[in-house]
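The values are calculated or read from the model by the stated rules, or taken from the named source; none is laboratory data. These numbers were taken from a predicted model, which means no experiment stands behind them. No Cβ is skipped: glycine too gets one built from the backbone with ideal geometry, and neighbour counts run over all protein chains shown. For the accessible areas, the whole protein counts, side chains as well, though only heavy atoms, and no ligand, DNA or RNA atoms are used. Shrake-Rupley method; radii C 1.70, N 1.55, O 1.52, S 1.80 Å.
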Amino acid sequence: MKSPAWTEDELVLAGALVVKNGWHELRTGDREVQELSELLRSLPLHGPEVLAIPGFRSPDSVSRKTTDFASNHPGYAGKPTRCGEPTRRMINAFTERKAEMLQTAQTLEEGIGTGQLQLIPPQPDEVDDTGSTAIEGRLLARWALFRERDPKLRRLKIRKIQQAGQLLQCEVCDFDFGRTYGPLGEGYIEVHHVTPLHISGTRETKLDDLVCLCANCHRMCHTSRPGESWRTPDALRALIRTSMPNTPHAASASAS
C-alpha cells in the first residue's frame, strides 16, 4: 500500500514551515521537521491502515516535501524538483497571501494542539462531490461547518434579528423561506461565519460574526475550486452581480 497523496491540510503545514524558513528547504534531522512529522501523523485524516505504512509522513518524507516547496518557488535559481499540482497551488497561495496562509497553519496547529479537531466528527459538506476541498484544507472546513451547525448559536442569531424587527431572509440574495414555503419555512434560515475560520482563528464566535443565508448561498460560500478559498458573503454577492447582472438576485445583491 502506497502512502496517500498529501492533502491540502498537510500542505498548508509544510508550506508554512518553509515560508518561516525563508523559502529554504529543511533537513531530516531538523527539529522542526521532526515535530511536523509527528503533527501530520496525528491529524484526523487517515485511518490506522495508512498510519501503519512504513515511512508515512516520516521526517524524510517531510524534508522532501519542503524541498518541493523551496525548489518550485519562483525565486529559486536552481532546478526544481518534480511535484504535483496541489503543491504548486499551495506555493502560489503562500506567495500571494502569505499572512492569511500562515494564519491558516496556526489555526490548524492550535486546533490539533488543544484536541478540538480530533473531537469533531466528519461533516457532510467538508468535501465536494469530487472529494476536493478549499486550499485551506478539509479540517478547517469540518470545524467551520460544525460551529455553524451549533443549534444554540443559530437560535440566538434568529432571535436577535426578530427582536430588531428585521426580516429573516438570506443576506446575500434576500430569499425568504417563510414567504416561499409558508408555515413550513417560517423561522428557518442557515447561519454562516462572516470571517472564515482560517482568518479569524480559534476565537469565540459572537453573534455579529454570523450572517443568515439560504441553503443555496450557504453551499456556494463553502463550495471549493482548486486553489481557491471559501467565499465570503461579500464575495458571493459580487459573483452574483457579475454572472447574472440583469436578474432580481443581482439587484438584491447590489442593494445589500
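Between GLU32 and ARG179, the C-beta separation translates, for a Förster distance of 45 Å, into a calculated FRET efficiency of about 0.20.
Rounded to the nearest 20 debye, the dipole size of the range 94-138 about its Cα centre is 180 debye, using +1 on the Cβ of Lys and Arg and -1 on the Cβ of Asp and Glu. For SER42, what charge total do you get from the other residues with a beta carbon under 12 Å from its beta carbon, if Lys and Arg give +1 and Asp and Glu give -1? Residues close to SER42 contribute a combined charge of -3. Normalised per residue, the accessible area of the range 1-82 is 53 Å², obtained with a 1.4 Å probe and no contribution from ligands, DNA or RNA. Alpha-carbon geometry of the range 33-127: the Rg and the Dmax are 15.1, 44 Å, given in that order. When +1 charges are put on Lys and Arg Cβ atoms and -1 charges on Asp and Glu Cβ atoms, the dipole computed for the range 116-176 relative to its Cα centre reaches about 540 debye.
Note on the range 138-215: dipole from Cβ charges, positive end direction compared against PRO183, GLN169, LEU156; the farthest Cα belongs to LEU156. For the range 52-91, the residues whose backbone nitrogen is under 20 Å from a point 7 Å from the Cα of SER132, taken along Cα to Cβ, are 83-91. Computed from Cα atoms, the angle from the helix 31-42 axis to the main principal axis of the chain rounds to 50 degrees.
Across q = 0.13 Å⁻¹, the chain modelled as identical point scatterers on its alpha-carbon atoms has Debye log10 I(q)/I(0) values of -0.87, in the order of the q list. Only Cα pairs under 8 Å and 6+ residues apart enter the sum, and on that basis the relative contact order of the chain stands at 18 percent.
Split the accessible area of the chain by element, probe 1.4 Å, and carbon with sulfur accounts for 53%.
When only the Cβ of Lys, Arg, Asp and Glu is charged (+1, +1, -1, -1), the dipole of the range 4-122 relative to its Cα centre reaches about 400 debye.
The distance between label points at ALA77 and LYS160 comes to 5.4 nm (points 7 Å beyond Cα on the Cα→Cβ vector).
Positive contributions from Lys and Arg (+1) and negative ones from Asp and Glu (-1), summed over other residues with Cβ under 15 Å from the Cβ of CYS221, come out at -4. For the range 167-240, the solvent-accessible area with a 1.4 angstrom probe is 49 square angstrom per residue. Local charge for GLU96 was computed over the other residues whose Cβ lies under 15 Å away, with Lys and Arg +1 and Asp and Glu -1, and equals +1. Along the positive direction of the dipole of the chain (beta-carbon charges: Lys, Arg +1; Asp, Glu -1; about the Cα centre), which of THR66, ALA215, GLN123 reaches farthest? Comparing the listed Cα positions along the dipole, ALA215 ranks first.
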